[in-house]
1. Taking the residues in the range 109-144 that are part of a loop (DSSP other than H, G, I, E, B) and within 16 Å of the chain's Cα centre (by Cα) as candidates, determine which candidate is surrounded by the most Cβ atoms within 10 Å (Cβ to Cβ).
2. When the residues of the range 78-108 are filtered to those that are part of a helix (DSSP H, G or I) and free of Cβ contacts under 8 Å to residues at least 40 places away in the same chain, which remaining residue is farthest from the chain's Cα centre (by Cα)?
3. Could you go through the range 148-169 and let me know if any residue there is surrounded by fewer than 17 Cβ atoms within 10 Å (Cβ to Cβ) and assigned to a loop (DSSP other than H, G, I, E, B).
4. Any residue at all in the range 58-68 that's more than 14 Å from the chain's Cα centre (by Cα) and crowded, with 19+ Cβ neighbours inside 10 Å?
5. Of all residues in the range 6-42, how many are modelled with pLDDT under 95, surrounded by fewer than 17 Cβ atoms within 10 Å (Cβ to Cβ) and in contact with a strand residue (DSSP E or B) (Cβ under 9 Å, 6 or more places away or on another chain)?
6. Just give me the residues in the range 63-77 being free of Cβ contacts under 8 Å to residues at least 60 places away in the same chain and either assigned to a strand (DSSP E or B) or touching a helix residue (DSSP H, G or I) at 6+ places or on another chain (Cβ under 8 Å) (or both), in sequence order.
7. Please list, ordered by first then second residue, the pairs with beta carbon atoms under 9 Å, 6 or more apart or interchain, first in the range 163-182 and at positive phi, second at pLDDT 95 or above and part of a helix (DSSP H, G or I).
C-alpha cells in the first residue's frame, strides 16, 4: 500500500496543498534531548518545488522546531486525510530556519499570508516522500481555522510579541538556541 518517491509529484502536491494542517517532527542528534512533534495550520504552508517546501512559522509557546533545526536539521512533515479518501503523506528532509532580515526570508516572505506573530520561515529540502494508507486516521469535519494565535499576537503588538519571544522563544526546553532575532521584524 505504501509507496516512496524522491520528489513531490503534481498529484501529491495538489493533495498536500488541500490539507488544512500538518505535523512537524524534529529531534537533535543528542539522545539526551527531547523529540518534538508540533501541529501547524493557518494556510502558512507552501510547496516551492519538487523537493522544496516552506512555511511561515508563527510565535508559539516554545521554539523546539527552530532549535532542533539549528542543532541538527533533520525533519519529517506528516499530512493526514481527515476527510475524503484515507491517506498519509510524509516528507523527510533537512530544514533550515530563516528569520526576518535573512535574504531567503525576504525572498520567500511574499509567498505567505499576513498573519500576526510571524517569527521565521522554515524551508525544507525534501529527500524522500512516502505515502501510506491512513486507514486508522479518523474522519473529521473541518469547522475552520482558529483565530486564537493571530488574535494573541495582534493584541500584544510588535513590542509585546518581542518581549514574549524573549521570554519563551530564546531557547528550547533542552537549552538549545532558539530565535536569534527576537524582535518581530529585523532592524534595517
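1. So in the range 109-144, the residues part of a loop (DSSP other than H, G, I, E, B) come out as 112-117, 133-144.
From what's left, within 16 Å of the chain's Cα centre (by Cα): 112-117.
Details: 112: 18, 113: 11, 114: 8, 115: 16, 116: 18, 117: 22.
It comes out as 117.
2. Just the residues of the range 78-108 that are part of a helix (DSSP H, G or I), to begin with: 103-108.
If we keep only those that are free of Cβ contacts under 8 Å to residues at least 40 places away in the same chain too, we end up with 103-107.
Values: 103: 19, 104: 16, 105: 14, 106: 17, 107: 17 Å.
Per the criteria, the residue is 103.
3. The answer is no, given that none of the residues of the range 148-169 is surrounded by fewer than 17 Cβ atoms within 10 Å (Cβ to Cβ) and assigned to a loop (DSSP other than H, G, I, E, B).
4. no
5. Of the residues in the range 6-42, 2 are modelled with pLDDT under 95, surrounded by fewer than 17 Cβ atoms within 10 Å (Cβ to Cβ) and in contact with a strand residue (DSSP E or B) (Cβ under 9 Å, 6 or more places away or on another chain).
6. In the first step, residues of the range 63-77 are kept if they are free of Cβ contacts under 8 Å to residues at least 60 places away in the same chain; the result is 65, 69, 72-77.
Listed by number, the residues that qualify are 74, 75, 76, 77.
7. Sorted first by the residue in the range 163-182, then by its partner, the pairs are 175/67.
The values are calculated or read from the model by the stated rules, or taken from the named source; none is laboratory data. Keep in mind the model is a prediction, meaning the values are calculated, not measured. Because the Cβ atoms are built from the backbone with ideal geometry, glycine has one as well, and the counts that use them run over all protein chains shown.
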